[in-house]
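One structure is given below, encoded as structure tokens.
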Amino acid sequence: MIENVTGRIYDIQGFSVHDGPGIRTTVFTKGCPLHCLWCHSPESQYDRFELSFLPVKCVGKEKCGGLCLKACPNGSVTETNPEESLIDHSMVTKVSIDREKCAICLKCANVCPSKALSPTGYTITVEEAFARVNKDRFFFKKEGGVTISGGEPMQQFAFTLNLAKKCKANGINVCLDTTGFAPEEQLLQILPYVDLFLYDIKHMDSKKHESFTAAPNERILKNAALLADNGGALQIRVPVIPKLNADRENLIRTAEFCKSLGSAVKLVQLLPYHAMGKSKYTRMGLSYKLKNVDPPDDLTMKQTLEMFTSLGLSAKIR
Amino acid sequence: MDYDLTVSDRIQRLREKREWYNNGHLRLNTERTNIITKYYKEHEAQYPILKRAGFLYEWCATREIFIEDEDILLGGSGPRMRTINFMIEAINQWIPQSFGDTDEIFKAAWQTPGCVWVDDEERSDLISAAEYWKDRDILSHIRGFMPDFVYDHPGNGVSSPARERSFRLPQGHFVANFEKAVKVGFGAVRRQAMEKLAEVENNLTHENARSHAFYRAVIKLCDGAVLMSRRYAKGCRDKAAVTSDPKRKAELLKMAESLDWIMENPARTLWEGLQVILFYQYIISADGQQHGQSIANVDRYVGDLLDKELAEGTITRAEAQELFDAFILRIGDLIAMFAPPDNQELIKLNREGRSLFNTLGTTHTISGGIHITIGGLKPDGSSGYNTASELLLLSFRRLVVPDPSVCIRVNEHTPDIIWKIAIESSKLAGGIPQFDNDEVIIRSLVERGIPIEDAREYGIIGCVEPTIPGKEWPCCGSTGSFGGITLIAALNLCIHGNKNPMTGAEGWLPCKKLYEYESFEELLSEYERQVKFYVDFEQKIFQFFEVAYSEFFPCLSASVMMDGCMESGKDVTWGGAKYNAFGVMTNTIANTADSLMTIKKLCFDWKKVSLRELYDALCVNWEGYENLRQMILNEVPHYGNDDPEVDELARWCSDVYADNLMSYKGPRDCAMAAGSLTLTANVSIGKATCATPDGRRAGEPMADAISPRQGMVENGPVSYVKSAAKLSHHKFGNGNQLNIRFDPRSVEGDEGTWKLRELIQAYFDLGGLQLQFNVVATQELRKAQKDPIAYKDLIVRIAGFSTYFVHMTPDVQEDFISRAEQFV
């Protein structure tokens, strides 16, 4: 039964307005072969469920009985200085996580009543994921539908393929948000079930690509051409990140590459870099690697847009 | 599809003038108080409706005529462009408190630069007026009629708690027949009344002798209305005589010519139409009906005049736009208050530079409460949108003012440009406009007995309440205050054995305590029994109230034009209108549904917690039961997340109220209309309510109107609106309200606008009645709290009204911030 195939995901989000046309519901899978410096979803990068800690939700050991302190086998949950409770202004002792010692066994998350400690995702079957998506179908109208995103959804190929199939069979428009860093044959296999690929091009220079994302770009560029040649529809997504890829030369090369894919490219989305994922790193006890980079200004974005549209490409900011 | 946002120099000057008033030049309208008090003192024995007519005539004949240099449209409800209205015969006991204080405190509260100013003469006038009205006001008359049990029984939090406060207020909340005032005029109405008078005289009976008085009153008021317009005409000529600017002089003379014509005769131009609406509204306001009286379908009243003028070339689009701009600003000049906060609080506000005007609390809202409805349908079902609809809505977008309220009626004909302006405007200023679903509202009106042709012409009153403008006396403001049924209080009685644990007061229906119920169904049927009882109790009070009210405080200003009154010879409060209704609101739907769900899941289905344990936790406000509370917050499904079981409970618990209410015939033999709206009462009701099984701690705010609970929405706006759409919206004939807040990032640009339209449309296709949204990030609101000056223009939608965020009291601000923010 394909419905029983499971996937590891970190969220399903309704009214997902930035992940393809129309009102969409997005399934975010875990695990990614790339590790982009600017990644705004650190919880998406690894296949395993990590420990997320949101101190503001912690009610303090006086209120919950310090369940996490007792549950931790490694002594990595430690008490912090007493502070005022948001609930009733009494003094409470919250905890912090010693990430060095933490073995990510998630025992603390399993007992935390307030979910201040929680795993960064859960396992779901294709059937369950479909049922959740299907609940929102009334809102999809002409253009909307499901977006399978990540991480890199192709990394959980069986789940992604079957979810796409199931949605497609039920008349739901399918977008696949992919880095393109996946085996050729798998991309060809899923192609018939995907209405639109949201396809990232991060840098045209393979060396630089590798230094920013931990993977070279040859396979990605090749696969884009492969999908285009086989009738795939592509919406190319280009993050615009000052100091990394926003130089004129790279942007022109990117635009030219998009142009070379011909009519398969329906739209190029230029995504100005933002640092809004930073707080997620803190929650996971990670450090944000990209330093000293500011979002591009409006003028840069406008000029970038012109670079693409002047080649006859349909393009937009965001 | 683009539109012009540049306002004319004159409109800019008008805005600056408003600002000048708002910043320390606002006064109370003592003129009306003096005129009515003098008239009532001199005519104590006169029959109430004749007294009303006499006073209104006197007001028209003697009020100060003022015309400011900035005026494009004329008049006001008081002697200046902006004055704060209050109704001395309704609420007056704040006056001895506020003005009878020591000179030192009085000066600090009312005579400090920047405050709402009351001079020494006004102070003594008002104190003596209050002394006169003390035993002659609405409250005294209601008390003189009501049976004791109304006062003896506290309603126990379930039926409207502040009985004494409620009874003092006028009903307000109706839409007068502006269309008739514009298209027919007071002259024709006067002639009709003369004929009716002769008819009655020729066939006088015990029954219609009272109608004789009614027609006499109508004639008197018509004379007053025409006289007032002529007095303004003279004012224009006097002003023209001393004006050196030839352009302004010509304009004043042209206005004078129109003013001699209008009110008596049908309006001939857009300017005349809009001026008639304003004058009529001022008269209604002078009649004391200052509580959410609305104007509704302005585009219908003047749309033909505009089209005709555009076709004839006597007006340009830009000129028409300027007139609508001026109209919106002048309507916003109608401001009223029920009672100010006490002097110490005022002094504090003055010190903070906020003043009485800039404060929004639950008991002293300063707003006109006027609602304007845009577009809709014609009686035959074709599109009711016209050029005036577009220009009128555009004025709201151009001016960005929180008052008056505005809604657009959504149906298949709603033009793209209206959608675009509406959503772009609302992204900028919360809730301007709100969106109303024609299909559901028309169905709800038809279900309360209104023929479909009239139902199609509905307009919105106050916040969200639908009515048939000019044809219905809807009383949707119930006893003039926040009349309503608090569902969670009924459930609390079921939990605490018929006791309100906050007050210790016993209710009327003895019942078990939570741990004594043997099944969930038993609890549900007890809840049903309690709600049924208090709905019955509440409607009895309204029946009494309406009789008492109609005897002493008829509403002549509405009756003069209202369909049905001329024919029947009856005032609207006597049942004269073509249609009648009575609206009673409910609240705390989300808290009640979530509470029931908690009990069902934890105690019955999952058996994780015993009823006794939950009961004990509630009794001690969760002290020592934090893990149980967290389990409720984190594991039990909450309304607003598209969970079928809890959503069904939400539907059921509100239907119990609606079905019971609608089974009664209300005052004037009318249909009772159910609805859900809270204004800011979700905060005050929360303050007065003990811990509830949904994990809410004692004193915390309740959810607002039909919106899900603050902080309990995890699945985003699609699930949010889907849950809300499952309520029985067609039973909410008195309207309801869904609030939703977006982070700006999630709805930016044209694409965001389009997606919001899709979301609203989908909610309406699923059967939702009304929706309004705010687009503002939490961090912006936090910044605004810290730096009110920098954020003084930030407008947000609270309930049925929009307001400046920095004018809200801190507890209301916190509640607003905690309402779910939906973003991606």
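The values are calculated or read from the model by the stated rules, or taken from the named source; none is laboratory data. Please read these numbers as outputs of a predicted model, since none were measured by experiment. Glycine also receives a Cβ, built like all others from the backbone with ideal geometry; neighbour counts cover every protein chain displayed.
How many residues are aliphatic (A, V, I, L, M) and in a strand (DSSP E or B) when one looks only at the range A:1-15?
Selection size over the range A:1-15: 2.
In the list B:F742, B:F773, B:F732, which residue meets the criterion of being more than 14 Å from every other protein chain (Cβ to nearest Cβ) and among the aromatic types (F, W, Y)?
None of the others qualify; the one that does is B:F732.
Looking at the range B:549-557, is at least one residue hydroxyl-bearing (S, T, Y), touching an Asp or Glu at 6+ places or on another chain (Cβ under 8 Å) and crowded, with 24+ Cβ neighbours inside 10 Å?
Among the residues of the range B:549-557, at least one is hydroxyl-bearing (S, T, Y), touching an Asp or Glu at 6+ places or on another chain (Cβ under 8 Å) and crowded, with 24+ Cβ neighbours inside 10 Å, which makes the answer yes.
Would you call A:G171 over 28 Å from A:E50 (Cα atoms) and within 14 Å of chain B (Cβ to nearest Cβ)?
no
I want to confirm something. Restricting to the range B:616-627 and keeping residues that are surrounded by 20 or more Cβ atoms within 10 Å (Cβ to Cβ) and part of a helix (DSSP H, G or I), which single residue is farthest from the other protein chains (Cβ to nearest Cβ)?
Filtering first and then ranking leaves B:L618.
Evaluate the range A:70-80: report whether one residue or more is within 14 Å of another protein chain (Cβ to nearest Cβ) and surrounded by 15 or more Cβ atoms within 10 Å (Cβ to Cβ).
Scanning the range A:70-80, I find at least one residue that is within 14 Å of another protein chain (Cβ to nearest Cβ) and surrounded by 15 or more Cβ atoms within 10 Å (Cβ to Cβ), so the answer is yes.
For the range B:91-106, what are the residues that are assigned to a loop (DSSP other than H, G, I, E, B) and either touching a strand residue (DSSP E or B) at 6+ places or on another chain (Cβ under 9 Å) or touching a residue at least 40 places away in the same chain (Cβ under 8 Å) (or both)?
Within the range B:91-106, B:I91, B:N92, B:Q93, B:D101 qualify.
Considering only the range A:136-164, state which residues are on the phi < 0 side of the Ramachandran plot, touching a residue at least 24 places away in the same chain (Cβ under 8 Å) and within 14 Å of another protein chain (Cβ to nearest Cβ).
Of everything in the range A:136-164, those that are on the phi < 0 side of the Ramachandran plot, touching a residue at least 24 places away in the same chain (Cβ under 8 Å) and within 14 Å of another protein chain (Cβ to nearest Cβ) turn out to be A:D136, A:R137, A:F139, A:F140, A:K142, A:E143, A:G144, A:V146, A:T147, A:S149.
Could you list all residues from the range B:761-770 that are part of a helix (DSSP H, G or I) and away from chain A (no Cβ under 11 Å)?
B:F764
Quick one: count up the residues across the range A:21-48 that are basic (K, R), farther than 21 Å from A:K278 by Cα and in a loop (DSSP other than H, G, I, E, B).
Number of matching residues: 0.
Residues that are modelled with pLDDT of 90 or more, among the aliphatic types (A, V, I, L, M) and closer than 30 Å to B:E751 by Cβ: list the strands (runs of 3 or more DSSP E) wholly contained in the range B:419-479 that include at least 1 such residues.
The strands (runs of 3 or more DSSP E) meeting that bar are B:459-461.
Would a scan of the range B:496-506 turn up a residue that is over 29 Å from the mean Cα position of the chain (by Cα) and hydrophobic (A, V, I, L, M, F, W, C)?
Yes, the range B:496-506 contains at least one residue that is over 29 Å from the mean Cα position of the chain (by Cα) and hydrophobic (A, V, I, L, M, F, W, C).
Does the range A:295-318 hold any residues that are within 14 Å of chain B (Cβ to nearest Cβ) and among the β-branched types (V, I, T), and which are they?
A:I317
Given A:T6, A:T26, which one is among the hydroxyl-bearing types (S, T, Y), within 12 Å of chain B (Cβ to nearest Cβ) and under 17 Å from A:T160 (Cα atoms)?
A:T26
If A:H18 passes every condition in (1) assigned to a loop (DSSP other than H, G, I, E, B); (2) within 14 Å of another protein chain (Cβ to nearest Cβ); (3) farther than 27 Å from B:V747 by Cβ but one, which one does it miss?
(3)
Check the range A:112-121 and report whether any residue there is free of Cβ contacts under 8 Å to residues at least 24 places away in the same chain and either over 15 Å from A:E50 (Cβ atoms) or in contact with a Ser or Thr (Cβ under 6 Å, 6 or more places away or on another chain) (or both).
No, the range A:112-121 has no match at all.
Here is a list: B:V646, B:V656. Which entry is modelled with pLDDT of 95 or more, over 29 Å from the mean Cα position of the chain (by Cα) and crowded, with 20+ Cβ neighbours inside 10 Å?
It is B:V646.
Quick check on this structure: which one of B:D750, B:D793, B:D811 is over 27 Å from B:K722 (Cα atoms) and either within 12 Å of chain A (Cβ to nearest Cβ) or in a loop (DSSP other than H, G, I, E, B) (or both)?
Residue meeting the stated conditions: B:D793.
Name the residue, out of B:I88, B:I72, B:I49, that is β-branched (V, I, T), more than 19 Å from B:G224 (Cα to Cα), touching a helix residue (DSSP H, G or I) at 6+ places or on another chain (Cβ under 8 Å) and touching a residue at least 60 places away in the same chain (Cβ under 8 Å).
The unique qualifying residue is B:I72.
What number of residues within the range B:91-103 are surrounded by fewer than 19 Cβ atoms within 10 Å (Cβ to Cβ), touching a helix residue (DSSP H, G or I) at 6+ places or on another chain (Cβ under 6 Å) and among the polar types (S, T, N, Q)?
0
Could you figure out which of (1) of a type outside the set (A, V, I, L, M); (2) closer than 21 Å to B:R651 by Cβ; (3) within 14 Å of chain A (Cβ to nearest Cβ); (4) under 28 Å from the mean Cα position of the chain (by Cα) isn't true of B:G699?
Unmet condition: (2).
Give the residue that is farthest from A:G60 (Cα to Cα), with candidates limited to residues of the range A:87-112 that are within 14 Å of chain B (Cβ to nearest Cβ) and in a helix (DSSP H, G or I).
The qualifying residue farthest from A:G60 (Cα to Cα) is A:N110.
Which members of the range B:118-156 meet the condition of being within 27 Å of B:K499 (Cα to Cα) and touching a helix residue (DSSP H, G or I) at 6+ places or on another chain (Cβ under 6 Å)?
The answer is B:M146, B:V150.
Here is a list of conditions, (1) outside any loop (DSSP other than H, G, I, E, B); (2) farther than 16 Å from B:A129 by Cβ, and B:E64 meets all of them except one; can you say which number that is?
The one condition B:E64 does not meet is (1).
Could you pull out the residue among B:N634, B:N641 that is within 14 Å of another protein chain (Cβ to nearest Cβ), surrounded by fewer than 22 Cβ atoms within 10 Å (Cβ to Cβ), without any contact (Cβ under 8 Å) to a residue 40 or more places away in the chain and outside any strand (DSSP E or B)?
Going through B:N634, B:N641 in turn, just one is within 14 Å of another protein chain (Cβ to nearest Cβ), surrounded by fewer than 22 Cβ atoms within 10 Å (Cβ to Cβ), without any contact (Cβ under 8 Å) to a residue 40 or more places away in the chain and outside any strand (DSSP E or B): B:N634.
Taking B:S723 as meeting all but one of (1) outside any loop (DSSP other than H, G, I, E, B); (2) at positive phi; (3) within 14 Å of another protein chain (Cβ to nearest Cβ), write down the number of the exception.
Unmet for B:S723, out of (1) outside any loop (DSSP other than H, G, I, E, B); (2) at positive phi; (3) within 14 Å of another protein chain (Cβ to nearest Cβ): (2).
Could you give me the residue pairs with C-beta distances under 8 Å whose first residue belongs to the range A:32-44 and is of a type in the set (F, W, Y), whose second residue is part of a loop (DSSP other than H, G, I, E, B) and crowded, with 18+ Cβ neighbours inside 10 Å wherever it lies, and which are 6+ apart or on separate chains?
Matching pairs, first to second residue: A:W38/A:I241; A:W38/A:L244; A:W38/A:Y273.
Quick one: which residue in B:A650, B:A658 is in contact with a Leu (Cβ under 7 Å, 6 or more places away or on another chain), farther than 24 Å from B:N627 by Cβ and away from chain A (no Cβ under 14 Å)?
B:A650
Just the residues that are part of a loop (DSSP other than H, G, I, E, B), among the polar types (S, T, N, Q) and buried (at least 19 other Cβ atoms within 10 Å of the Cβ), please, taken from the range B:1-42.
B:N29
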